[in-house]
Amino acid sequence: MEREELRKLIKIWFEEDIREGDHTSLCCIPPTQMGCQQLLIKDTGILAGVEVAKEIIRYFDPECRMDQLLHDGDAVKPGDVAFRVTGKELSLLQIERTMLNIMQRMSGVATTAHRYQSLIADTGCHVLDTRKTTPGLRYLEKEAVRIGGGMNHRIGLFDMILLKDNHVDFAGGITNALQRARDYCRAKNLSLRIEIETRNEQEIREALATGIPDRIMLDNFTPERTAEAVKIIRDYGGKYIEIESSGGITLDTIRAYALAGVDYVSVGALTHSVKSLDMSFKAVK
């Protein structure tokens, strides 16, 4: 994410939390009193959000100084200290919750992505995220997926064409949807990749016959049906077509899909069902 875009978000976060003032801190902490707090890890997982934390601190009080001990992508455990921040105690107290909220969320996403990817690391298959993200936090959650070892599918509706079941049904079928997507890209002079979701072997064969898709998604196939679909696509010949599995894939089933021969497995749970990583920002005395 571009720095200016991130700073716009940070401004919104602080307006949401502080408004006209942190009355709790203002009533009992002298304005010039200096102190130090440290980011203490209380859970096992993958750390993410350190670079965002730096920008949060820099935005709120440029005079605060961070002593960084760990980095984004590091494996962490209870008792680890990611960094220490020295500055005005009023600033540290007002930064605390916003910074923790973002880091806990991002670390939870990174940890989840790491768990999924580690199960298929030896297969050549990659776990993908989806657009099932928290509104306003998509870029950060997708960055956390990358930090955890996963890959991004697409950022939004603007950087790839993904024809899903509703598009296909509204367009009048697989062939119509794909031909319209190709014609649209040509008319608009766009070099967007085209992916189409398929629900059965008939739709797969119809998509292949057009020669248009760069990627075929197998939606809600079992691992056994996935292996059969992969054979159909690979036996078709022509240009190499990427294959993606999607639909309710879990930690228990992801390896079976990877072993069926797909290139990617997309998992909405990387971002929509994540447990935040526990951590705290404690005063150092």
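Taking 0.36 nm per residue of separation and subtracting the Cα-Cα distance, full extension of the segment from Arg58 to Thr253 would add 65.9 nm. Just to confirm the number: angle between the C-alpha axis of helix 223-236 and the first principal axis of the chain, 0 to 90 degrees, nearest 10? The helix 223-236 is inclined about 60 degrees to the chain. Structural descriptor for the chain: relative contact order 22 percent, calculated from alpha carbon pairs under 8 angstrom and at least 6 residues apart. Relative to the longest principal axis of the Cα atoms of the chain, helix 201-210 runs at roughly 80 degrees. Please say if the stretch 1-75 is rounded, prolate or oblate, where rounded means a/c under 1.5 for a ≥ b ≥ c the square roots of the C-alpha gyration tensor eigenvalues, and otherwise the choice is prolate for a/b larger than b/c and oblate otherwise? It is oblate, given that a/c is not under 1.5 and a/b is not larger than b/c. Summed over the residues of the chain and divided among them, the accessible surface reaches 50 Å² per residue at a probe radius of 1.4 Å.
Relative to the longest principal axis of the Cα atoms of the chain, helix 89-118 runs at roughly 30 degrees. Relative to one another, the C-alpha centroids of the stretch 184-261 and the stretch 127-167 are positioned 18 Å apart.
When a 1.4 Å probe is rolled over the protein heavy atoms, the share of accessible surface on the stretch 7-47 that falls to carbon and sulfur comes to 56 percent.
The values are calculated or read from the model by the stated rules, or taken from the named source; none is laboratory data. None of the values given here were measured: they were computed from a predicted structure. Remember, those area values only see protein heavy atoms, side chains included, never the ligands or the DNA or RNA. Shrake-Rupley method; radii C 1.70, N 1.55, O 1.52, S 1.80 Å.
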